[in-house]
Amino acid sequence: MPAKLQAFRALFPPSRRLPLLAALVVALLCPAIGTAVAYYQASTWLRQQADHRVTEIIQATDDILLHAQAAGRRSLPLLDQPCLVAREQLVMSAALTPYVRSLALYRGPQGYCSSLSGPARFSYPRERLRRNGNLLLMPGNSLTPQQPLLLLRIEQGDRGVLVGLLNHFVAETLIPTQTDPESVSFLTVGSRYLNREGQALDSAPATPSVVAIETSATSKHFPALHATVQVDQPTLNRFFWQHYSLLLGLLLAGGLAGGLLTHRLLTRRDSAERELRRALTQGEFEPFYQPVLQADDGSCRGVEVLIRWRHPDKGLIRPDLFIPLAEEAGLIVPITRQLMQRIRADLQTLSLPDGFKVGVNLAPVHLHEATLIDDCRLFQQTFAARDIRLVLELTERGVVDNDPEVQATMAELRTHGVQLAIDDFGTGHSSLAYLHKLNVDYLKIDQGFVRTIGSDSLGVTVLETIIELAHRLHLEMVAEGVETEQQRRYLQQNGVQFLQGFLFARPMPIDELRCYLASK
Ligand code: C2E
Ligand code: CA
Ligand code: CA
């Protein structure tokens, strides 16, 4: 940022609290929202995995039970045979069917022939089997009270086959593979639970902490059979940190960058700009007038209008401090238009000599504004009777070579009597041919060159060259910043037609200009 712009901004320190607050909100909110979305994603992914897992468990368990059911069905014809004959078949069938521990035949409430104990009579939980859709999870039976088992009944009227399955085969379906996320899973048969260790429990296996995700499925073939998968909160959290830490880092960095950017933007669109807008609506910009004298007789032939900002607290503010920001903020055009209105009103209160020139500084962007032509025409019409001429001062640094739009605008302005001066001549790099095309009326020699008069620096040579060129192109010259008698003499002797500087008069408000002109 140029030093002057910085100095100007320093005049109006921005509010510190608002940008800081906004930056904090952005810096915290962005990662917070991002984290929430990522956390939701992580839990959705885990839920899908759990859904997948629970269907796998049910399918695997069904598979085992269907094998057992088939073995039972195959044994149904044995019901018509005496136990001594049937038993051999039962033993064979139990041995050849995977997962099956025993097969037994029953009639009514009593078992009468088992692959394990032969033709002994035994009772079985008939009623509970009936209520449970013929599938029962038992902690043990009379034969092996310590060994939990699954009991499946295949009915044929009042008779049927009982199939006993070893729980640990079924429980193996609950053991996750290495790629499965950590979870707790169990099977429910009726009101009993089967855990991963193959134990039959009367209550659901304890989950170590709060359950974050729970999903369950029911067997299509055995309605009393359900599988459940649970993921607890610490597992979900661990999974989230493991898989999303990179994203979290990026979110934090993004939030920080967003916060800093917000802070910068808010402090950039700072109070200095707000102050400029306020000043525009309050009409705090004033024209000051600096006389321009004819070199040979010292008569006042015109003025250059130099803007001042009369700030209620800071006093008069110089244009080079606020013009760059006004340009940057897109306020230079409305400010200049307001200034032109004031100049018109001011000058109407003076009795100016015929042919008096009024130089107004124009920002380069203003040349592309449609309003410029109307504003200038109005100005010329106001003073038409006294041939007072508006001279637009365009800084050489803003002149763009070969801009047809600018050429057209200038041509039209010229038909209304407006003249053109190239300001700060020698500091930019406009081509002389272009200046010629634009029909420039005056070259304003920058005060930087005027200051070199009397020294033997390179600047003097440049000054000599500029003066010579202007003569050749038949352009009139105005030398700015004339401060000493030596400079005045040099410029006059070298044929510079007009002079402007503190040696003659400083920029002044309209009332002082009235006195100045009267005293001349
Ligand atoms: P500029 O157009 O080159 O104006 C001449 C500057 O030299 C003025 O400064 C004037 O006060 C100063 N000056 C005049 N005689 C002397 C002297 O003998 N010695 C020294 N050291 N300085 C002298 P000011 O008024 O501060 O304006 C600075 C610049 O701001 C102007 O330079 C012009 O580029 C810009 N400016 C002023 N008013 C306006 C305006 O209404 N619109 C735009 N776009 N720019 C403006
Ligand atoms: Ca100027
Ligand atoms: Ca200048």
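The values are calculated or read from the model by the stated rules, or taken from the named source; none is laboratory data. Model, not experiment: these values are computed from the prediction. Note that each Cβ is placed from the backbone with ideal geometry, even for glycine, and that neighbours are counted across all protein chains shown. In case anyone asks, the SASA skips ligands and DNA or RNA and just uses the protein heavy atoms, side chains included. Shrake-Rupley method; radii C 1.70, N 1.55, O 1.52, S 1.80 Å.
Consider segment 468-520. How many of its residues are within 30 Å of residue 437 (Cβ to Cβ), in a helix (DSSP H, G or I) and either within 16 Å of ligand 3 (Cβ to nearest atom) or touching a Pro at 6+ places or on another chain (Cβ under 8 Å) (or both)? Total satisfying the criteria: 2.
Remark: pairs (first residue in segment 139-152, at positive phi and β-branched (Val, Ile, Thr); second residue part of a loop (DSSP other than H, G, I, E, B) and buried (at least 16 other Cβ atoms within 10 Å of the Cβ); Cβ separation under 8 Å; 6+ apart in sequence or on different chains) are absent. Look at segment 330-349: where a residue is assigned by TED's automatic domain parsing to the domain that holds residue 383 and a partner is part of a loop (DSSP other than H, G, I, E, B), sitting 6+ places away or on another chain with Cβ atoms under 6 Å, you get 332/363; 333/369.
Would you mind stating whether residue 445 is among the hydrophobic types (A, V, I, L, M, F, W, C) and touching a helix residue (DSSP H, G or I) at 6+ places or on another chain (Cβ under 8 Å)? Yes: the conditions hold for residue 445. Kindly indicate the residue of segment 471-503 that is of a type in the set (S, T, N, Q) and in contact with a helix residue (DSSP H, G or I) (Cβ under 8 Å, 6 or more places away or on another chain) and also surrounded by the most Cβ atoms within 10 Å (Cβ to Cβ) among those meeting that condition. In this case the residue turns out to be 487. Taking each residue of segment 411-424 that is farther than 22 Å from residue 385 by Cα and looking for partners that are away from ligand 3 (no atom under 15 Å from the Cβ) with beta-carbon atoms closer than 8 Å, six or more apart or interchain, yields 411/439; 421/440; 421/441; 422/435; 422/440. Of the strands (runs of 3 or more DSSP E) lying entirely inside segment 78-148, those carrying at least 1 residues that are basic (Lys, Arg) are 100-107.
From the list 418, 440, the lone residue that is more than 16 Å from ligand 3 (Cβ to nearest atom), under 52 Å from the mean Cα position of the chain (by Cα) and closer than 18 Å to residue 359 by Cα is 418. Of all residues in segment 166-203, those satisfying the criterion of being open to solvent by 50 Å² or more (accessible area, probe 1.4 Å), among the hydroxyl-bearing types (Ser, Thr, Tyr), more than 18 Å from residue 145 (Cα to Cα) and at pLDDT 80 or above are 191, 203. Contact map, segment 480-491: residues that are small (Gly, Ala, Ser) paired with residues that are open to solvent by 50 Å² or more (accessible area, probe 1.4 Å) and not in a helix (DSSP H, G or I), Cβ distance under 7 Å, separation 6+ or inter-chain. Pairs shown: 481/451.
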